[in-house]
Amino acid sequence: MTEASSTPAASGRRPSQRTPSGPVRTAEQIVEIVSDSGEGAQKAGQSFAAICAQMGNGIWTVEIIPAEIKPPARSRAGASGIRVRFGSDRVTNMGDSADLVVAFNEQVLYGRISQDVYDEGLVILLENKWATDRREVVRREYAEALEDFDRRGYNVIGVPMEEECLKLTPTPRLGKNMFVLGMLSAIYTRDIDLALNEISRVFARKGPKVVELNQRLIRAGYDYAKENIDLSFEVLSAPREGKQVVMNGNQAAGLGVMASGMEMVAMYPITPATSISHYLAGVFPGVGGCVHQAEDEISAIGFAIGASYAGKTACTVTSGPGLALKTEFIGLAVMAEIPLVIILVQRGGPSTGLPTKVEQGELMPAIFGSPGDDPKIVFAPATIEECFHFVITARKLAETFRTPVVLLTDANLATGMQPFPRPEVKEEWLAPPIDQSPWDPEVPPYDWDEESGISPRPIPGQRGGEYVLTGLAHTRGGKVAYDPESNQTGCEMRSRKLAALRRTLKPPEVSGDPEGDLLIVGWGSTLGAIDEAVVRARSEGLRVASIHLRFLSPLEPGLDDIFARFTKVLVVEINYSDPHNAPYIDENTRRFSQLAKLIRIRTRYDVDCWSNVHGQPLSPGLVYGEIVRQIGALKGAER
Amino acid sequence: MIGVESDWSSEPPPRYFTLEDYEGGEARWCPGCGDLAVLTAVKRICRDEQLPPEKVVCVSGIGCSSRFPHYMKTYGFHGLHGRALPVACGVRSRRPDLHVWVATGDGDCCSIGAAHWIHAVRYNMNLTVMLFNNEIYGLTKKQTSPTTPQGFATNTHPLGAVLPPLKPVSATLGFTNVSFVAQTVDWNIAHLYATLKKAHEHKGLSFVHILQRCPTFTPGVFDDLQSDPERILLLEHENGIPIDPAVARLYPKKLVHDPLDSNMARILADRVEELPLGLLYCDPDRPGYEEFTGRGIGMGVGEKLEFLNRELDRFTI
């Protein structure tokens, strides 16, 4: 546990009294469903979130995924499930401690308790069949847990989920999740018809019998909760303008690929990037596209580069370890100036690291990974909506600047679900047909514009444009360079592309007052948590503001001017840095987090950083705690 | 529009290509290098088939033979060590109109790029793959390659290569979905030409193993094959490599071999006393991955927009 996490949670406990009559109105709720793997908790939670979104609530989901497919039952490390935070307003992050959790056994709850996501007052709907299990050890564990939960101040409500489901199905383990969906629908006064419709949509492919059984299980859960559980909440929704869509970040990125007009995604399975290709594999043919599953990460990017070179910009999707393997090819794409989109869904590292957990660990590798100088465009969406739109931008940037573009998302965005305004598909988003008009043979293949480094690209099939693309240092004519000047010139020209792009970027917007004591700098999926923490701190009179960077290579302009107006600049991100008070580390040996390093290269400011590698999405409570500590330290220093 | 000269014919003006139209930069291989013969054969095939230079793409990895694309005046892709095949497959994935030649060496294909060799053969996309086997790493100066003869002294194994050499043809014949495997030598130009031509005509991945002389680092490794015609077993068949009368006269040992006979192909490939020359295996009916990757090429904008809107509707609440 870090120092910051032991400070009071950002939002404190929301008032939520149990009343026998009429639902309690509340601005938001955080609900979790936690089970052993394979019990369908995620499906139930996603459906519940979709229903909340349909009723006009803001939502954010976080999937809880163990590292194994079927870890031993009732094990603490095997906790699998989902968190759904929903509220009257837009919800941008996972929040802090949960309000209510449905657990299929008591052991998986310990997996979550160790993540510090529960607080006193938590309501637990707990499968109670374990109390009468034939194994003595199970009965004892269950009884001990109940006592422990009581000491922790949790309110446990035992629910005979399996017994109730057995009335409808001989395989209650597979049906419990729908029973839970029914219970949650009752407790949170959801429209039961929405739940029934949602499930008929989700299971449409499995046939009417399956749909009907699941609907009966939902009704059973709904009725059970109405009769037996004395909890009722109402989360009103704010009126919403225009149509909304709801999806997770990987679906949004996949849709972005299709809307950008790219037609080839070459990939190799890697968590948490793979679900982009799962989604695309089903729908990509609808726009004439193809998902190629290659024999390895290297071949995947090589295939994409081949397809890009031959005409239409292609895409590869991967995560950290895959990026490491693709590095040589990324260098080739930079050197030979081949447009390419790389969607990099970060996870925890190094090495295999935390494959199913959240980290922003690939910023430096993405920007600086290749041997030699390899200027490329790297930018990061901060919301699910941006996951969609940024892919379309990425394709255009890749072609305009004739270079690879890396889109950095992470496991938090990949699986998080959030509603956003339905995009209006535009024809101009789609890639144009492959240019096969004759090429002026007088124009060399690297006819660099001195100011921007940009050059037009001959495509195989264009008569007169025949040239040999090479990863060797080469001249404007694409010939292998044997003189010292050509490599220098080529590097300069490729470098100018980033300068040219930077000139078109705007400085980041400051969220909060334009001057003050503390400026928080973030990037990527932490936007919602940082914003929420800053808003809360400001409401308590603290002079704190934040900026959130999208473009990381080139870095957005105007940072020096913004930083000059704050006493202190603090980078907040989720990758490793030595904590400020770490033992055996002093100011000469302290290693900074990745964006902090980058900013220290690019600006003249001695920025500080706060980060962790817990593998969890950033919570507003942690950021709030750090803001309080930092401003306290500043004030202390002033005295 | 009076006075404006226009060409109203719908037919493009006829083009005729000579060898010069495929002539790239001056080849910088060592004098006596076997690569030169292969380069000449490929240029001649392009000329004889009248392939428009802009429709030809030569893809290579890294190594001496991988300089091949630079010496052709076509589109070329001189990429990374071992990675010619993924790029070549990517090129073909959405461009069935391009003629793709792949130049790869024994280190490039059978060592650092071995994974791609197996899988590209299985994908069976329409590529002509030429494995230039000089049994040594040349460009990095005489290190042991997977095909270096056992006992041959190199800079990494001065006491001689430790293990028996990998047999590229035997290995390739074992890969699932293999569709074309031929073997030829750089020093018999007529057979080399006929083999590469047959390979180019084959629909699918044609794998051509070319024994290629390196006068600098492995001089003499093929001496016995060159000096003793009895060491060559010429494969004949109506579906095989057409045999020039001069070639037929040179090699007295001949065998009628049906390229569809995969068992016999494996037996022949494993023979040590003779080198089978010709088409060992060919099955024109093997499925090709392009059928999958090329679906939807050229789909209209209207159809795409309609689908995207339908898909967004699915997510709309």
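What follows is calculated from the coordinates using simple rules that are stated; it is not laboratory data. Source: prediction; values computed, not measured. Because the Cβ atoms are built from the backbone with ideal geometry, glycine has one as well, and the counts that use them run over all protein chains shown.
When Rg and the Kirkwood radius Rh are both evaluated on Cα atoms of the range A:246-303, their ratio Rg/Rh stands at 0.95.
In this structure, residue A:509 and residue A:236 have a Cβ-Cβ separation that, at R0 = 30 Å, corresponds to a calculated FRET efficiency of about 0.50. In this simple spin-label model, placing a label point 7 Å from the Cα along the Cα-to-Cβ direction at both residue B:295 and residue A:629 gives a separation of 5.4 nm.
Taking amide H atoms as placed 1.01 Å from N in the peptide plane, the amide H of residue A:169 has no partner under 5 Å among residues 5 or more positions away or on other chains.
Our estimate of slack between residue B:272 and residue B:285, defined as 0.36 nm per intervening residue step minus the Cα-Cα distance, is 1.7 nm. Could you let me know the centre-to-centre spacing of the range A:268-289 and the range A:129-167, using Cα atoms, in angstrom? Taking the Cα centre of each part, the range A:268-289 and the range A:129-167 sit 41 Å apart. Percent of C-alpha pairs per 5 Å bin in the range A:415-515, short distances first: 2, 10, 13, 13, 14, 14, 10, 8, 7, 6, 3, 0. Taking each DSSP H run with n ≥ 4 as -39500 (n - 2.57) and averaging over every residue of chain B yields -8500 deg cm²/dmol at 222 nm.
Couplings for the range A:505-522, taken from phi via the Karplus curve 6.51 cos²θ - 1.76 cosθ + 1.60 with θ = phi - 60°, read 8, 9, x, x, 7, 8, 9, x, 5, x, 8, x, 7, 9, 10, 8, 10, x Hz in order; Gly and Pro are left as x. The angle between the Cα long axis of helix A:208-228 and the main principal axis of chain A comes to about 50°, on a 0 to 90 degree scale. Restricting attention to the range A:245-429, close to 20% of DSSP beta bridges with both partner residues there are antiparallel.
Per residue of A:281-289, other chain Cβ atoms within 10 Å of the residue Cβ number 5 on average. Using equal-weight Cα scatterers in the Debye expression, the normalised intensity of the range B:1-157 in log10 at q = 0.13, 0.15, 0.21 Å⁻¹ is -0.64, -0.81, -1.33. A simple count of charges around residue A:464, restricted to other residues whose Cβ falls under 15 Å of its Cβ and scoring Lys, Arg +1 and Asp, Glu -1, yields -2. Each DSSP beta bridge with both residues in the protein assembly as shown is either parallel or antiparallel, and the antiparallel ones are about 30%.
As a calculated quantity, the FRET efficiency between residue B:15 and residue B:310 at R0 = 45 Å, using C-beta atoms, amounts to about 0.50. Using the alpha-carbon atoms, what tilt in degrees (0 to 90, nearest 10) does helix B:84-93 show relative to the longest principal axis of chain B? With rounding to tens, the tilt is 30 degrees.
About its Cα centre, the dipole of chain A is roughly 940 debye, where the only charges are +1 on Lys and Arg Cβ and -1 on Asp and Glu Cβ. Classify the range A:18-234 as rounded, prolate or oblate, taking a ≥ b ≥ c as the square roots of the eigenvalues of its Cα gyration tensor: rounded when a/c is under 1.5, otherwise prolate if a/b is larger than b/c and oblate if not. Rounded, because the longest to shortest axis ratio a/c is under 1.5. Couplings 3J(HN,Hα) of the range B:221-234, computed from phi: 5, 9, 3, 5, 5, 6, 8, 10, x, 5, 7, 9, 10, 7 Hz, in residue order, whole Hz [Karplus 6.51 cos²θ - 1.76 cosθ + 1.60, θ = phi - 60°; x for Gly and Pro]. Net charge dipole, chain B: roughly 720 debye, given to the nearest 20, about the Cα centre with Cβ charges of +1 for Lys and Arg and -1 for Asp and Glu.
Near residue A:463, the amide H atoms lying under 5 Å from its own belong to A:439; only residues 5 or more places off or on other chains count, and H is placed 1.01 Å from N. Each peptide among A:61-67, B:224-230, A:303-309 gets the average number of other Cβ atoms lying within 10 Å of its residues, and from highest to lowest they stand as A:303-309, A:61-67, B:224-230. Return one number: the angle in degrees, 0 to 90 and rounded to the nearest 10, between the long axis of the Cα atoms of helix B:114-123 and the longest principal axis of the Cα atoms of chain B. The angle comes out at about 50 degrees. Taking every residue in A:333-341 and counting other chain Cβ atoms within 10 Å of its Cβ, the average works out to 1.
Taking other C-beta atoms within 10 angstrom as a stand-in for reagent exposure, B:203, A:497, B:197 fall in the order B:203, B:197, A:497, fewest first. Over all other residues within a Cβ to Cβ distance under 9 Å of residue A:631, the charged ones net out to +3, with Lys and Arg as +1 and Asp and Glu as -1.
Computed 3J(HN,Hα) for the range A:288-302, one whole-Hz value per residue from the Karplus formula 6.51 cos²θ - 1.76 cosθ + 1.60 where θ = phi - 60°, is x, x, 9, 9, 9, 8, 7, 6, 6, 5, 5, 5, 4, 6, x, glycine and proline marked x. If the segment from residue A:191 to residue A:243 were pulled out straight at 0.36 nm per residue, it would be longer than the present Cα-Cα gap by 16.8 nm.
Centroid-to-centroid, using Cα positions, the range B:252-298 and the range A:76-126 are 60 Å apart.
Summarised in one figure, the compactness ratio Rg/Rh of the range A:516-638, Cα atoms and Kirkwood Rh, is 0.93. Across bins of 10 angstrom width beginning at 0, how are the C-alpha pair distances of the range A:245-429 distributed, in whole percent? Answer for the range A:245-429: a P(r) of 11, 43, 38, 8, 0 percent.
For peptide A:323-332, the mean count of partner chain Cβ atoms within 10 Å of a residue's Cβ comes to 2. Projecting the Cα atoms of A:325, A:358, A:406 onto the dipole axis of the range A:245-429, where Lys and Arg carry +1 and Asp and Glu carry -1 at the beta carbon, places A:358 farthest toward the positive end. By the helix-only formula, in which each DSSP H run with n ≥ 4 contributes -39500 (n - 2.57) and the sum is divided by residues, chain A has a 222 nm mean residue ellipticity of -12000 deg cm²/dmol. Normalised radius of gyration (Cα atoms, divided by 2.2 N^0.38 Å) for chain A: 1.03.
Shown here are the Rg and Dmax of the Cα trace of the range A:462-566, at 21.9, 68 Å.
Residue B:131 sits among other residues whose Cβ lies under 14 Å from its own Cβ, and their net charge, with Lys and Arg +1 and Asp and Glu -1, is -4.
The Cα atoms of the range B:19-315 give a gyration tensor whose axes a ≥ b ≥ c have a/c of 1.5 or more with a/b greater than b/c, which makes the shape prolate.
Using only the Cα atoms of the range B:140-196, build the gyration tensor, take square roots of its eigenvalues as a ≥ b ≥ c, and label the shape rounded, prolate or oblate: rounded if a/c is under 1.5, else prolate if a/b is larger than b/c, else oblate. Cα axes put the range B:140-196 in the oblate bin. Put simply, the convex hull of the Cα atoms in the range A:78-175 casts, on average, a shadow of 7.6 nm².
Over what distance in Å are the Cα centres of the range B:118-176 and the range B:177-241 separated? So the separation of the two Cα centres works out to 15 Å.
Quick one: if the Förster radius is 25 Å, what FRET efficiency do residue A:134 and residue A:174 give, using the C-beta to C-beta distance and rounding to 0.05? After rounding to 0.05, the efficiency reads 0.70. Working from label points 7 Å from Cα in the Cα-to-Cβ sense, the residue A:77 to residue A:424 distance is 5.3 nm.
The residues A:86, B:132, when put in order of fewest to most other Cβ atoms within 10 Å, stand as A:86, B:132.
Close amide-amide hydrogen proximity is noted between residue A:243 and A:422, each under 5 Å apart and 5 or more residues distant or on a separate chain (H modeled in the peptide plane; Pro and chain starts excluded).
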